[in-house]
1. Give me the net charge for the shell around B:SER25: Cβ to Cβ below 14 angstrom, other residues only, Lys and Arg +1, Asp and Glu -1.
2. Please state the relative contact order of chain B as a whole percent: Cα pairs under 8 Å, 6+ residues apart?
3. If packing is taken as the mean number of other Cβ atoms within 10 Å per residue, what is the order of A:105-114, B:96-105, highest first?
4. When the Karplus curve 6.51 cos²θ - 1.76 cosθ + 1.60 is applied with θ = phi - 60°, which whole-Hz ³J(HN,Hα) does each residue of segment B:7-16 get, with x for Gly and Pro?
5. Which one, B:PHE45, B:SER102, B:TYR22, is farthest towards the positive end of the dipole of chain B when Lys and Arg carry +1 and Asp and Glu -1 on their Cβ?
6. Magnitude of the Cβ-charge dipole of chain B, K/R +1 and D/E -1, about the Cα centre, nearest 20 debye?
7. Taking the alpha-carbon distance from B:LYS59 and a cut-off under 22 Å, which lysines remain once sequence neighbours fewer than 8 residues away in the same chain are dropped?
8. From the backbone phi of segment B:55-64, what are the Karplus-calculated ³J(HN,Hα) couplings (6.51 cos²θ - 1.76 cosθ + 1.60, θ = phi - 60°) in whole Hz, Gly and Pro given as x?
Amino acid sequence: KAGVTQTPRYLIKTRGQQVTLSCSPISGHRSVSWYQQTPGQGLQFLFEYFSETQRNKGNFPGRFSGRQFSNSRSEMNVSTLELGDSALYLCASTEAGGAGQPQHFGDGTRLSIL
Amino acid sequence: GQQVMQIPQYQHVQEGEDFTTYCNSSTTLSNIQWYKQRPGGHPVFLIQLVKSGEVKKQKRLTFQFGEAKKNSSLHITATQTTDVGTYFCAGSGSARQLTFGSGTQLTVLP
């Protein structure tokens, strides 16, 4: 089975721009969660999508949004980029979602804001 | 909100020495998971503990879940250079979302 695929792997943007990141989960997995990883803050939960519905949301501003499509692929959008948004963005998939299942992570998208 | 503290932040050991990382939650957890992230890689699931006082072993790794389900530890016996990486605990409680600890970065000196 192919693993979780995230595109692009690297992205460079400037302040004020917006960005869209993509995540394709493991085949058969219906839940996708997004995390922001920074050296100082570790992994911070952004949101979880299951069957095209946002099921859970972390403490991030409204500039961070996401969606999930009928094939379970998910996108995350960040608008009005700030320098502090520079981070590794990881998505993880599980079969049925929820915090009681092992998260299968992708390689992440490294976003740099200039 | 739920907070998960993990210590130490960094640990350097000589190959063959033991290593332990500790995790403490501000609230009672439903379960705790452990992940390993190699340098430049992504977190990889190691194990999940669910029961109070549970102990699980994977070869040289021993995982424990506290009686009160608020703390956990990972112990590696006789470290090897392949153990290098950052170890994260992640707990879930009433919020039904995983809260990750800040991780312990393990360096193994040959």
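Rule-based calculations on the coordinates, nothing more; no lab input. In this text the structure is predicted, and so the values were computed from the model without any measurement. Note: ideal-geometry Cβ built from the backbone for every residue, glycine included; neighbour counts use all protein chains shown.
1. On the way: positive: B:LYS69, B:LYS70; negative: B:GLU67.
Combined, the nearby Lys, Arg, Asp and Glu give +1.
2. Once normalised by length, the contact order is 38 percent.
3. B:96-105, A:105-114
4. 9, x, 6, 10, 8, 10, 10, 7, 3, x
5. It is B:PHE45.
6. Details: 10 positive and 6 negative charges, 80 e Å.
My answer is approximately 380 debye.
7. Here the lysines satisfying the reach criterion relative to B:LYS59 are B:LYS36, B:LYS51.
8. 10, 10, 10, 10, 6, 8, 9, 10, 10, 10
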